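Single-structure report; data block below.
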Amino acid sequence: MNVLIVDDQKLFSDTLKQTLEHNEEHEFSVTVANHHEEVFKVLSGQNIDIILMDIHMPEKDGIRLTNDIIRQKPDAKILILTAFGYDDYVQDAMKAGAVGFLLKDITSDELVASILGASAGTRIVSPSVFNYSRNQNERNPDRNIVPDWYNQLSYRNREILILVMRGYSNEEIAENLHLSNQTVKNYLSIIYSTLNVKNRFQAMRMAMKYHIDKIEIH
């Protein structure tokens, strides 16, 4: 089975490639694309059975990229593979044409089973996604409330906080928004102060709590 891994984190994608290619029960031929432009080069030259798509990609996220692929190849089978389990992401992924949604913490056996199931036409959503979404809703029933600090952030600060929440490094944020690294650091200092948090991790958790990437930016 031919698998295309689309993930900008080379270490993760290479590790995933090795995991699949060393599977003793099933034979996988795996290609890796670390940038959205590489994806269409691969698809134009190879027959791909399953695409494992990361949501966090530079320049064009996995949901938009899934949309683009499905427009060109309506029969493409795309499994979204991500570190986040937001239920809205699940809905967005399925609307874009993905056949499944998995968290990156699944076991290799679960991944192989999901690939085989998706290839056979089964819709795949990892149980851990449902558990994550349910737990988030139980812990935060007011998740749709816009926090006061959000309205105190500038448009640029909101953009940067969303990228932080999605796991972008300072360097990736700078490249994505055409800023210097120092400018990004300056913005982050303002963000931390506004959110009353001490570090990047706390800011990320705060942003995830209120699902700020789903708040319309004005």
Worksheet, complete the sentence: Filtering the stretch 155-176 down to residues that are without any contact (Cβ under 8 Å) to a residue 40 or more places away in the chain and crowded, with 16+ Cβ neighbours inside 10 Å yields Asn157, Ile160, Leu163, Asn170, Ile173, Ala174
Worksheet, complete the sentence: Selection over the stretch 59-94 where residues are modelled with pLDDT of 90 or more, among the small types (Gly, Ala, Ser) and part of a helix (DSSP H, G or I) yields a count of 0
Response to the item:
Counting only residues that are loosely packed, with under 14 Cβ neighbours inside 10 Å and part of a helix (DSSP H, G or I), the stretch 1-58 contains a total of 9
Item to complete: Could you check, for the stretch 179-186, whether at least one of its residues is closer than 19 Å to Asp8 by Cβ and part of a helix (DSSP H, G or I)?
Response: yes
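The values are calculated or read from the model by the stated rules, or taken from the named source; none is laboratory data. As the structure is a prediction and not an experimental result, all values here were calculated from the model. Cβ sites come from the backbone with ideal geometry, for glycine too, and all protein chains shown count toward neighbours.
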